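Remarks on the structure that follows.
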Amino acid sequence: MTIGRETARRRTAKWAGAVAAAGLLVAPLSALAGPLDLYIERTAMAAADLRCGFFDAGLRAALEAGRVQTRNAAMRGGASAEDLSRADARARASAATVVCDSPAVSAAAAHVRDAFQGFAKLRQMTYPGETADWRADRSSSAEVHRWRLAQETDFAGGQMVFGLAGRDTRPVLLALASFEDGRAPYGARLVLRDESRASRPYLDLRGDKDLTRRLPPAGALRTYAAEARSKAGLDLRPETMGAGWAFRFPKEAAARLSALHPREAVAVEFLFAEGPPRRVYVEVGDFAVGRAFLQMAAR
């Protein structure tokens, strides 16, 4: 079963009334609640679960995926890191006062369980972005090497697929690229914002969908060199892609990517024996949400 982001949002919206009734919110919610309100709601429910043990591991993972999704939506709407930090504090303070076995809190937990019943059956999701989509697939398979979370990009002189791929529920971060001139890169590196040097994203949006304006200057970048290189297998190559090369990046790189602002960009630089590197840009988008969705299958 496949579902888009908007449909998933509607299915989980019914949590709001029950959670508000349980006293887990610092402000009332309604069908018109904003993303930051929904983020507070889901953070409060997750914090209450830690105290009271309402949910099993699978439901806890689903709630976390929804929490990350509303966090990203709030950031897209203009919420700052300080806004999110204050929202976290308010939600957790609210959750600290609930009575675990009260009827209202029990009813709120039951509503979350009901909402999860349909979500648990989903195996594929599409997370639309401003310039490209992330496609998530958590179908269970120990036999097939497939993309679990992927974004495809066409660039001048080639094509790239970037994301998480593997045979099981612990995929690795890969960049798979094909070049029209047939050249073979000897290496690749992932370039992204270094949060220790730049706490805020660089979002020059004057270029509309130009991702080159959403990457920090060189002094605020962090680089991860690919750990391995191999020829791109048929199991991961799109039908439209010719022969190409696959590069695997460190596990830490995926965690760093998940922490970035959804409107930011990262870049994969392919290195050649002769000539300059070729840089291909990727929209961060809902990578963190898709990664959380995949982790539900690992529970």
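The values are calculated or read from the model by the stated rules, or taken from the named source; none is laboratory data. Quick caveat, the model's predicted, so the values are computed rather than measured. Here the Cβ is made from the backbone with ideal geometry for all residues, glycine too, and neighbour counts use every protein chain on show.
Just a few scattered comments:
- Residue match in the stretch 58-79 (condition: under 30 Å from Arg123 (Cβ atoms), β-branched (Val, Ile, Thr) and touching a residue at least 12 places away in the same chain (Cβ under 8 Å)): yes
- Lone qualifier among Gly77, Gly66 - being closer than 22 Å to Gly285 by Cα and exposed (fewer than 14 other Cβ atoms within 10 Å of the Cβ): Gly77
- Residue in the stretch 82-89 that is among the basic types (Lys, Arg) and in a strand (DSSP E or B) present: no
- Whether a residue is hydroxyl-bearing (Ser, Thr, Tyr), loosely packed, with under 14 Cβ neighbours inside 10 Å and either under 23 Å from the mean Cα position of the chain (by Cα) or under 24 Å from Ala232 (Cβ atoms) (or both) was assessed, and Ser102 does not pass this test.
- Selection count, the stretch 264-299, where residues are within 19 Å of Glu64 (Cα to Cα), crowded, with 21+ Cβ neighbours inside 10 Å and not β-branched (Val, Ile, Thr): 10
Condition check ((1) in contact with a strand residue (DSSP E or B) (Cβ under 7 Å, 6 or more places away or on another chain); (2) among the basic types (Lys, Arg); (3) closer than 30 Å to Gly66 by Cα; (4) not assigned by TED's automatic domain parsing to the domain that holds Pro185) across all residues:
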| residue | (1), (2), (3), (4) |
| --- | --- |
| Ala228 | yes, no, no, no |
| Ala243 | yes, no, no, no |
| Leu257 | yes, no, yes, no |
| Pro262 | no, no, yes, no |
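- Considering the conditions (1) in contact with an Asp or Glu (Cβ under 6 Å, 6 or more places away or on another chain); (2) crowded, with 20+ Cβ neighbours inside 10 Å, Phe247 is excluded by exactly one of them, (1).
So that you can scan it fast, the table gives a plain yes or no per residue for (1) more than 21 Å from the chain's Cα centre (by Cα); (2) farther than 17 Å from Met160 by Cβ:
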{"site": "Glu195", "(1), (2)": "no, yes"}
{"site": "Ala198", "(1), (2)": "no, yes"}
{"site": "Ala218", "(1), (2)": "yes, yes"}
{"site": "Arg222", "(1), (2)": "no, yes"}
{"site": "Thr240", "(1), (2)": "yes, no"}
{"site": "Gly244", "(1), (2)": "yes, no"}
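- When Val98 is tested against (1) under 26 Å from Phe287 (Cα atoms); (2) at pLDDT 70 or above; (3) assigned to a loop (DSSP other than H, G, I, E, B), exactly one condition is not met: (1).
- Options Glu239, Glu252, Glu227; residue that is of a type outside the set (Gly, Ala, Ser) and surrounded by 12 or more Cβ atoms within 10 Å (Cβ to Cβ): Glu227
- Qualifying residue in the stretch 178-197 (condition: in contact with a helix residue (DSSP H, G or I) (Cβ under 7 Å, 6 or more places away or on another chain), in the same structural domain as Ala255 (by TED's automatic domain parsing) and surrounded by fewer than 19 Cβ atoms within 10 Å (Cβ to Cβ)): yes
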